[in-house]
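Asks: Would you mind keeping the following structure in view while I ask a few things?
Every read-out reported here was derived from the displayed coordinates using simple, explicitly stated rules and does not represent laboratory data. Owing to the predicted nature of the structure, the values given are computational and were not obtained by experimental measurement. Cβ placement follows ideal geometry from the backbone for every residue including glycine, while neighbour counts extend to all protein chains displayed.
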Amino acid sequence: MADRSLAPDTPDLRERWGGFEFTESYRTRADRAIARYPEGRQRSAVMPLLDLAQRQVGEETNTQGWLPLPVIEYVADYLDMPVIRVLEVATFYFMYNLRPVGKYHVQVCGTTPCMLRGSDGLLAACSKRGMKKGHVSEDGLWTLTEVECMGNCATAPMVQINDDNYEDLTPERLDAVLDALAKGEQPKTGTQEPGRHTSEPAGGPTTLTEMVDANHDYRKEW
Amino acid sequence: MPKVTVDGQEIEVPDGATVLQACELAGKEIPRFCYHERLSIAGNCRMCLVEVKPGPPKPQASCALPATDGQEIRTDSEMVKTAREGVMEFLLINHPLDCPICDQGGECDLQDQSVAYGRGATRYEENKRAVTEKYMGPLIKTVMTRCIHCTRCVRFSEEIAGVDEIGALYRGEDMQITTYLEQAAEHELSANVIDLCPVGALTSRPYAFEARPWELKKTLSIDVSDAVGSNIRLDSRGREVMRALPRINDDVNEEWISDKTRYQVDGLSKRRLDKVFMRKRGKLQPASWDEAFKAIAKAKPGNSIAAIAGDMVDCETMFAAKTLLEACGSSLIEGRQTGMDYDVSNLAAVNFNSTFAGIETADAILIVGSHIRWEAPLVNVRIRKAVKRGARVFVVGPQWDTTYPAQFLGEDLAVLGELPKDVVDAFAGADRPAIIMGGAALAKGALGAGLAFAETHKLVREGWNGFNVLHFSAARMGGLMLGFAQKGGMKDIAAAGPKVVISLGADEMDFEPFADSLKVYIGHHGDKGAHAADIILPGSSFAEKDGTYVNTEGRVQFAERAVFAPGDAREDWTILRALADALKVEVGFDSFAELQANMIREVPALGEEGLAGYGDLPKGGSTAKAEGRITAYPIKDFYLTNPIARASAVMQQCSSELLGSGELAEAAE
């Protein structure tokens, strides 16, 4: 996590991305994001715009997308704000990729609850498939990152791949998910535990049991 | 006005005060790193923790907590002591123990506060974080491993300088302060972050490893690089001025100085005139004082003698020259060496009447022919503050980067007579309207039109005078008070065809009309003036003599001598006194004190520190019209405006690196 750094500012990078501009559809979405804020406060839309730019870069490169410096400068220009302020935001949030990533950005949560529930096994499964933290795999499909808590502790361990979460994983279940993605299929998102829907207690509810089938007024029982 | 109790002492604090300010009012010292009076509150160093009741039972950051009625604040409890120790311990986790090789040593907030508030010994045995060096230009040296992330520098560049060039990238432990892609910080005030930095992360590059603070003699001085008259402290060791630092004066420079003020001082020991020179057979050759004075006496000037004051001379020198000329029977004295000839019959009309502190409160400002960022960077800071409070700014003249929203009305001065409707409306609705006339406007003879503008738009009203002239020569207002002005400016002097011309460090003047005169240069740097001179008498720079200076708002200030002039150079007044003997005239002073007393007798305002006060603006000039185009501002290169700066290696480097004006060999990588 700590090894984030900007891609170096090279002539190649300038040449590849110097002409970056929002496409029609991204421009509409960007303008809609800006319109959410009062006039003169367009800077507030910096986060959605960076995200949109990253997505467009992703579409163009068939990856999750990242933020080359010229693209960051474009966003700064679009919002009429100093580029250093945009760069501060882009480097602060690790949802913004500062280096090229693969088609699937596998973000394995390694924080305590996930670690206790076996995230080490997930990382091992990933590296068995040739993924290395912070690197794009040779086939261009995968980038592995270990991240901090993603807020899915009830269904630990979990990984986030691009926009979806996959929870209640074991190395085998993760393999199945990754295999499906590699084949171009869309695996089921969310919990991978059979019989579990979301993050309800495994093995059925232990509290508010009366509420399972119908609404129940507990107030009399307090 | 809330009443709070600080350590059992009940005090009343102003509305809107913070707990930290309340504690200070009660005389308690609150350690802090990120909090700074002139910057916004960040609250990220946590060093200012105090115990406050009512409130959560934990220490609170006093800098960001408003003082409210009935608060019980404790700065001396066990909780506060432990909290400070804890914060200090965390700050020191990643701070290197390199004080012996750190330039901040001896004047380091972290050092001082860890002695005063820290635990005394470390318990940390892990590896420390290390951060790569960041390039921030020729003035700021960075050792970012020492950074404690107080973000003062970020806030300064955004809020005061108005240029978002420094930012904090990444997060948490990885946070790094840098400029975008490590470009050089380009603002004229950029080096103030060195003073702001509470640790040794940002230190002075030219001053790196030069001296320790306790070796330096500190002298109170006044800056002469522009007409703001920034209050500075010259730190010297032996005969060398090592550095210039700002002194706090809320009326003048607050606590900032421009990079030129700070870094031109290395020019004080370069290209100095330390011997008497005389032109013999077309070449300047060393000579003795005696020879030089004899040569001047041989010219038999009689009353055909003129004196031109340079931009950096003190009032005493000018007065001595004036007295000398009067004794000779001449009144050919002039200070506006570039040939300006604006009317000086009423000094209020050529003064910055709003005062610098006052211009902050203006709500509509018309700038005519002034590149304020270069002519007076600290005034630009004030205008920026005014704009933040809602002032509208209009500029007549070529475009420049203002650091605040401003509307450019074109280069044609005729626009003064027929202002666009929105400008007229802005001034009609303004409570404190102001105009600032710069050198470019004065050179085009627009002073009358400016006064007319002041009259039509009622810039002078109860408790407010919005008519301002912004000079950029430190000697200008003092010179004008002493009468260093002819009706036709330099033209009159040239027309008089004096036999002897004394140039008091005047380097910007045109020497061509004086080809037949004996040109005597009394100055300190081998610059343009010295090249043109027939006789060079080595004088003293501002650091080497006591002197009185008057800034553009008419503020009289005294500077003290920090070091002695090099070689044979003498204090300017002694040279003029000796010259009087050579010319066999009486000037009536034999010591600096006598000279000063004579000067104050003639111009009493020069004897009192503070605003001189020139009375009311002249009436009835409302018909004056301005014509012509301002195609360029007088200052072509901010870093090389005076002989000291031109001699300074640092200023030359800034000029070529930041303004790209010259060729500088790239460092081999």
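Asks: Express in whole angstrom the spacing between the alpha-carbon centres of the stretch B:134-181 and the stretch B:488-504.
Replies: Going from one Cα centre to the other spans 51 Å.
Asks: Taking amide H positions as placed in the peptide plane 1.01 Å from N, state which residues far from B:V469 in sequence (5 or more) or on other chains have amide H under 5 Å from it.
Replies: So B:V469 has HN proximity to B:N351, B:F352, B:N353, B:M437.
Asks: Another question about this same structure. So for the protein assembly as shown, taking the charge dipole from beta-carbon charges (+1 Lys/Arg, -1 Asp/Glu), which of B:L284, B:A295, B:A121 sits furthest toward the positive end?
Replies: In the protein assembly as shown, that residue is B:A295.
Asks: Looking only at chain B, where both bridge partners belong to it, what percent of the DSSP beta bridges are antiparallel (to the nearest 5)?
Replies: 60
Asks: Follow-up. Per residue of the stretch A:112-117, in order, report the coupling 6.51 cos²θ - 1.76 cosθ + 1.60 (Karplus, θ = phi - 60°) as ³J(HN,Hα) in whole Hz, putting x for Gly and Pro.
Replies: With the stated coefficients, the stretch A:112-117 comes to 2, x, 5, 5, 5, 8 Hz.
Asks: Let me ask another. State the Kirkwood hydrodynamic radius of the protein assembly as shown in Å, one decimal place, computed from all pairs of distinct Cα atoms.
Replies: For the protein assembly as shown, inverting the mean 1/r across all distinct Cα pairs yields 31.8 Å.
Asks: Does the stretch B:88-222 come out rounded, prolate or oblate by the C-alpha gyration tensor, with a ≥ b ≥ c the root eigenvalues, rounded set by a/c under 1.5 and, if not, prolate when a/b is larger than b/c and oblate if not?
Replies: oblate
Asks: Let me ask something else about it. Beyond 21 Å, what share of the Cα-Cα pairs of the stretch B:353-469 is found? Please give it as a whole percent.
Replies: 26
Asks: Could you tell me which trypsin sites (Lys or Arg not before Pro) in the stretch B:74-145 are loop residues by DSSP with no more than 11 other beta carbons within 10 angstrom of their beta carbon?
Replies: Hits after loop and neighbour filter: B:R123.
Asks: What chymotrypsin sites (Phe, Trp or Tyr not before Pro) does the stretch B:149-241 have in DSSP loop regions with at most 14 other beta carbons within 10 Å?
Replies: Working: sites: B:F156, B:Y170, B:Y180, B:Y207, B:F209, B:W214; in loops: B:Y170, B:Y207, B:F209.
Qualifying residues, ordered by number: B:F209.
Asks: Express as a percent, rounded to the nearest 5, the fraction of DSSP beta bridges in chain A (both residues included) that run antiparallel.
Replies: 45
Asks: Count the DSSP beta bridges whose two residues both fall in the stretch B:3-93, then state the antiparallel fraction as a percent rounded to the nearest 5.
Replies: Details: 10 of 12 bridges.
Antiparallel bridges: around 85 percent, rounded to the nearest 5.
Asks: For the stretch A:29-98, state which GluC sites (Glu not before Pro) are in a DSSP loop and have at most 15 other beta carbons lying within 10 Å of their beta carbon. Write down the numbers at each step before the final one.
Replies: Working: sites: A:E39, A:E59, A:E60, A:E73, A:E88; in loops: A:E39.
Of the GluC sites (Glu not before Pro), the ones in loops of the stretch A:29-98 whose Cβ has at most 15 other Cβ atoms within 10 Å are A:E39.
Asks: List the residues whose amide H sits under 5 Å from the amide H of B:I140, counting only those 5 or more places along or on another chain, with H placed 1.01 Å from N in the peptide plane.
Replies: Amide H to amide H, under 5 Å and 5 or more residues apart or across chains, B:I140 pairs with B:R205.
Asks: In addition: For the charge dipole of the stretch B:3-93, defined by +1 on Lys and Arg C-beta atoms and -1 on Asp and Glu C-beta atoms about the Cα centroid, which residue among B:P14, B:A67, B:M88 has the Cα displaced farthest towards the positive pole?
Replies: Farthest along the dipole direction, towards plus: B:M88.
Asks: Pulled fully out, how much extra length does the chain show between B:E29 and B:K128, if you take 0.36 nm times their separation in residues and subtract their Cα-Cα distance?
Replies: 32.6 nm is the gain from fully extending B:E29 to B:K128.
Asks: In the stretch A:104-191, if the dipole is taken from +1 on Lys/Arg beta carbons and -1 on Asp/Glu beta carbons about the Cα centre, which of A:H105, A:T143, A:M131 is farthest to the positive end?
Replies: A:M131
Asks: Taking amide H positions as placed in the peptide plane 1.01 Å from N, state which residues far from B:V6 in sequence (5 or more) or on other chains have amide H under 5 Å from it.
Replies: HN-HN under 5 Å from B:V6: B:I11, B:I73.
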